[in-house]
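Encoded as structure tokens, the structure appears first; notes follow it.
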Amino acid sequence: MSYGIGCYYVLEGAERLRDLDEGVLSSLLRLQELTGRPVCLLLTSNLVWDKFQTPGGLPQPLLVHFPQYSREALQSILALDRPSDVDEQFYSGYLNLILSVFVVPCRNVRELRHLARASLTHYRAPVLSGEVAPTDLRRLWRHVEPHLRAALRSVYLREADSAQWLRTQTQLPAAAVQPSSHDQPGILDATDHQRLNTELPFYSKFLLIAAYLASYNPAKSDRRFFVKRTGKGAGRLKARPPAGARVSALLTGPRAFPLDRLLAIFYVIVEDRVAPTASIYSQVSSLVTLRMLTRLGGSDNLDSAKYKCLVNFDTVKSIAKTVNFEVERYLYDFV
Amino acid sequence: MATSSLTKDFQEEMFNTVFHEMIEYLQGSVDIEEDASIPTATLITGVNMPDHTGVFRSLAERLRAQVTAHVAVLEAASCATVQATVRTMVRQLTAAGEPLSPDVPVVDEDEEDDCLLDVPDQTSRQRRAPATMPALVAHYEAAQETVASPKKGSPRKRARTAPQRRPLVVVWRDLEAFQPRVLQDLVLICSQYRSRLPISFVFGVSTCASAVHRLLPQHVSARLSLHKFHSQLATHCLAEMIDKVLLSPSMPFRLGGRALRLLLDIFLYHDFSVNNFISAYKFCMLSHFLWSPASALCCEPNQLEERVEELTGAQVAGLRALPSVRAYLDDLEQEERHTLQHDGVFKEWVLHMAPKLHSKHEELLVGLRCLFALTKRLPGALLGKQFREAYNLALLHALPERDEYKRTFQLLSMLSRQELTATLEHALEAVSGSGSALSTVLRTQLDRVRAVDDRPTPVSAEESSQQRRLVADTLKQATSRQSLRESLQSMGAARNARLNPYETLRSALLAELDEHLRGLIVQPSKWPFNECVVFDDVSLVRRRLVGAPRSSVQTALADPAKYLQCTCCQLGDAASIRPTMPDLCIVYKLHLECGRLINLFDWMQAFRAVVGASDDDQTIQARFAHCVAELQFLGFIKSTQRKTDHVARLTWGSC
């Protein structure tokens, strides 16, 4: 029995429709009624229908819940990808292996297909060269295990497709023997160091540290940390609440600070005398462009520019170590 | 001069390897049969943002030449919304090869409502199809058809030269500056068109590879297949540039120690920009030729003769007055000095000495490279980790007198035979290209070290029996434990002082090497006539290269004669106020004398008194209010609620 539907519209990511004008979603849901044509609208989304409700109310569509794939379903879907020259039995054993390793962190079919495709050549290599029989699963597993473990470390990152990935895996043992990455910056470093660290100019590093201190220390504690004292207790602090009751600033997130405060802290923590040149100000802007600081209040408010530091503690700590500066000594939460 | 060609060559070479790899990847990117994932080359450029313009311009040129004509370069400043981004991208991709007439303003149909062009004649506007993705698809397929059906040639030739589909490359110049929402939407849109349009991306990332994952959620980044390409580190580029341009033998101009240190500080402390370094270097060169009269002799060696001929009497006197020349002349004998008083003889002497400057610099470089190679393998980088630090040290101080030099030779005298061989080989490699006497010396030394025997010399039978008798005698003569210990120690020292042949050779070799290096490494400020080619006047250029806005403003307000260069405002001492100064300066200096809160009325009365106007002059109030508003704009005062008619001072101190 046909319903006489002439045309189907499928909208993916339908939750974006909520951001548009209110009338759009309700009109789309009544598309057949408004146009008088035999059309059908299908909306797919990650969110439940309750999140779509508006104060004006929406006509109730037919809700279909698509459950997550079970392990057998994943195996049969992945088996559809089998290349024609691979034996079915062999491939299903391979898929079993892949699923047992990766199904715990990752159930996304796209990722699993990508991983299966990326590791297949490596798995088949000993069979093709004749060293191992196709049925000897133990030896095959031992051959492919380190490769899978390396892939497990960067499961969702998709940083390399098969060719570049294979190249880095073969370069790994060679690079471990002679660490000469200093001379050849072009070689891809398979460890995590190059992924996370950037090389900043000297004063930019101190500006970043100063921004971190300004964001995570309350303004009242500046006097205690950054003013040189002669020992007389002229500014005694009032009794602070015990450490358990205080909410750690690291949990609440960074606070906004004005530019003057940043520069004042910067001039204190840099040991040598720095002249307030235009380069310092332009470095602050560069840090904003690199998304290490963010500027609040819009760019037309020149007087009171407020900033916030977006870098986390580990990065600041590693940067401070390169300039021999102890960040913990100046942080309110650590004292 | 040859500077611009040298720097241009250098800039071309800097990114050669990385671009080559990237272009190969992009050329192959049409063939990738992934499930609608966009091949993406992530170029990690580093934080030196002033250099990025040049880099991406040369990348776009190479892409247009070697990969495809459809290249679009997107910048964050012009892509604030998805609509603007798509429009820019499609317009650039479809404009490949189409020359537009620049006079006629071109307007898209969907832009008509919000365009602000004030074109009087409506019909003269050229209409184009709106810049959307379906238009791009249509344009691309039309372009492929025209390319794929050549009119002439046999069918076999046509089949052989049938082109593959050309990829469409979109370059995102500064990825971190884009709005994340715009980037995500564009990636989703392009990945859906991937089956019809072979789009590839190039991401220009300044910080590190994880920036891509920070900007894109997982369901978006799953549609990209990322390839990382690292460009050279900025410090690496700087080292190469110094080698190829600053130290090049064809360059007659040299930087002095302080100037080089200023330029290196700007590079290392502020921005990692090689372009800014090159501009600063050119500025130093400009200042040298503009302000230093001795720079007439800074030229190629073949032009030197005619320059010396053209020297006037005043210029010769100037040359005679140079500090290095005066020091040299003082060392000479009385008669020689007397003969050089004559201008003609002096000119000949100049012609004799001037070419030596270049050869002395070459010698300095050879000696320094040898020394640097020797110290690189020793613990604790004595001369720095990079050659430029050693070079800077040699320019600033007399290197052989320094502690670093002495310590180097101390450490060298403790090396074993294998280590010394390796070190000497390293040093030989560093100087072998120059063909100087030092390389032959090193080669002979290396041969001798390889041939020598470093086993301890065997003790002959006679000597050992002699020793035993000596020990027995000492034991008999010893009166106390103290004297016995002393005599045994002196005997042991005497025995150890007899070195094996390797150690004697080592000390001899090092003494020879030391002598040679001392002859080569001479500080440039000791050479006569070095002021002609070496520029070291840092104070002249520092203000121009490193801008200090606040101190400039304060100087201008406190001492206007410095910038206006008028005779009426010359100040005796810094704090005095003259009525002829501009109003703003008077108001500024008066406010310096006040405390934290300034009473406006008193201030105005003081202003009136200084300017010397009568009480009923109405314009004084207007002038004063104008100046107060300007001071507030400059950030020296601000209005306050604490007291009425008062303003608060924002800066401290007086100047």
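The values are calculated or read from the model by the stated rules, or taken from the named source; none is laboratory data. Because the structure is predicted, anything quoted here is derived from the model rather than measured. We place every Cβ from the backbone using ideal geometry, glycine too, and count neighbours over all the protein chains shown. Just so you know, the surface numbers come from the protein's heavy atoms only, side chains and all, with ligands and any DNA or RNA stripped out. Shrake-Rupley method; radii C 1.70, N 1.55, O 1.52, S 1.80 Å.
Considering only A:GLN68, B:PRO39, A:LEU11, and ranking their Cα positions along the charge dipole of the protein assembly as shown that arises from unit charges at the beta-carbon of Lys, Arg, Asp and Glu, the one farthest toward the positive end is A:GLN68. Here the extension length gained between B:ARG443 and B:LYS638 equals 62.8 nm, from 0.36 nm per residue of separation less the Cα-Cα distance. Buried area at the A:B interface is about 3600 square angstrom, summed over both chains, from accessible surfaces computed with a 1.4 angstrom probe.
On the protein heavy atoms, probe 1.4 angstrom, tell me the percent of accessible surface of the protein assembly as shown carried by carbon and sulfur.
Numbers: 29770 of 55860 Å².
Reported share for carbon and sulfur atoms: 53 percent.
With charges only on Cβ, +1 for K and R and -1 for D and E, what is the dipole size of segment A:1-66 about its Cα centre, in debye, rounded to 20? Each step should come with its number before you reach the end.
On the way: 5 positive and 7 negative charges, 33 e Å.
Computed charge dipole of segment A:1-66: roughly 160 debye.
The simple Förster model, with R0 at 30 Å and r as the Cβ-Cβ distance, assigns B:GLU13 and B:GLU419 a FRET efficiency of 0.30. Simple spin-label estimate for B:MET353 and B:GLU21 gives 5.3 nm between the two label positions (7 Å along the Cα-to-Cβ direction from each Cα).
How much length is gained on full extension from B:GLN410 to B:ARG181, taking 0.36 nm per residue of separation minus their Cα-Cα distance? Each step should come with its number before you reach the end.
Numbers: separation 229, 0.36 × 229 = 82.44 nm, distance 6.25 nm.
Here the segment from B:GLN410 to B:ARG181 would lengthen by 76.2 nm.
Determine, from the Cβ-Cβ distance of B:GLN605 and A:LEU259 and an R0 of 41 Å, the FRET efficiency 1/(1 + (r/R0)^6), rounded to the nearest 0.05. Efficiency at R0 = 41 Å is approximately 0.70.
Hand me the GluC sites (Glu not before Pro) from segment B:264-349 located in a DSSP loop with no more than 11 other Cβ atoms within 10 Å, in residue order please. The partial results should precede the final answer.
Numbers: sites: B:GLU305, B:GLU306, B:GLU309, B:GLU310, B:GLU333, B:GLU335, B:GLU336, B:GLU348; in loops: B:GLU310, B:GLU333.
Counting only loop positions with at most 11 other Cβ atoms within 10 Å, the GluC sites (Glu not before Pro) in segment B:264-349 are B:GLU310, B:GLU333.
Averaging Cα coordinates gives a centre for segment A:55-90 and one for segment A:267-335; these two points are 48 Å apart.
Label reach from B:CYS566 (point 7 Å along Cα→C-beta): in segment B:582-597, amide nitrogens under 14 Å belong to B:582-587.
Report, as an integer, the average count of C-beta atoms from other chains found within 10 Å of each Cβ along A:275-286. Mind dumping the intermediate values first?
Details: counts 5, 4, 9, 7, 9, 4, 3, 5, 4, 0, 1, 7.
Neighbouring Cβ atoms belonging to other protein chains average 5 per residue here.
Modelled this way, with points 7 Å down the Cα-to-C-beta line, the labels at B:ALA84 and B:MET491 are 9.4 nm from one another.
Within segment B:535-565, the residues that become at least 10 Å² less accessible when every protein chain is included than when their own chain is isolated (1.4 Å probe; DNA, RNA and ligands ignored) are B:VAL546, B:GLY547, B:ALA548, B:PRO549, B:ARG550.
Remark: segment A:71-155 carries 55 Å² of accessible area per residue (probe radius 1.4 Å; ligands, DNA and RNA excluded). Alpha carbon centre of segment B:577-655 versus segment B:38-68: separation in Å? Each part reduced to its Cα centre gives a spacing of 54 Å. Of the trypsin sites (Lys or Arg not before Pro) found in segment A:9-103, the ones in coil according to DSSP and having at most 14 other Cβ atoms within 10 Å of their Cβ are A:ARG30. For q = 0.08, 0.10, 0.12 Å⁻¹, what log10 I(q)/I(0) does chain B give under the Debye formula with an equal point scatterer on each alpha carbon and no solvent? Cα-only, vacuum Debye calculation for chain B: -0.99, -1.14, -1.22. Between the C-alpha center of segment B:1-26 and that of segment B:212-278 there is a gap of 13 Å.
Accessible surface for segment B:549-649, divided over its residues, is 59 Å² per residue with a 1.4 Å probe. Using the Cβ-Cβ distance between B:GLU145 and B:GLU61 with R0 set to 35 Å, the FRET efficiency from 1/(1 + (r/R0)^6) comes to roughly 0.80. Take the Cα of B:VAL30, step 7 Å toward its Cβ, do the same at B:GLU333, and the gap between the two points is 8.2 nm. Once the partner protein chains are put back, segment B:222-242 shows a loss of at least 40 square angstrom of accessible area, versus the chain by itself, at B:ALA222, B:ARG223, B:LEU226, B:HIS227, B:LYS228, B:HIS230 (probe 1.4 Å, ligands and nucleic acids excluded).
Listed here are the pairs A:LYS205/B:LYS282; A:LYS308/B:LYS228; A:LYS51/A:LYS308; A:LYS317/B:LYS385; B:LYS360/B:LYS526; B:LYS244/B:LYS360; which of them are more than 22 Å apart at the Cα?
On the way: A:LYS205/B:LYS282 28 Å; A:LYS308/B:LYS228 30 Å; A:LYS51/A:LYS308 32 Å; A:LYS317/B:LYS385 24 Å; B:LYS360/B:LYS526 11 Å; B:LYS244/B:LYS360 18 Å.
Among A:LYS205/B:LYS282; A:LYS308/B:LYS228; A:LYS51/A:LYS308; A:LYS317/B:LYS385; B:LYS360/B:LYS526; B:LYS244/B:LYS360, the Cα-Cα distance tops 22 Å for A:LYS205/B:LYS282; A:LYS308/B:LYS228; A:LYS51/A:LYS308; A:LYS317/B:LYS385.
Relative contact order, percent, of chain B when contacts are C-alpha pairs under 8 Å separated by at least 6 residues?
On the way: 681 pairs, mean separation 88.9, N = 655.
Computed value for chain B: 14 percent relative contact order.
A 1.4 Å probe run over segment B:285-364, with the rest of the protein chains in place, finds 61 Å² accessible per residue.
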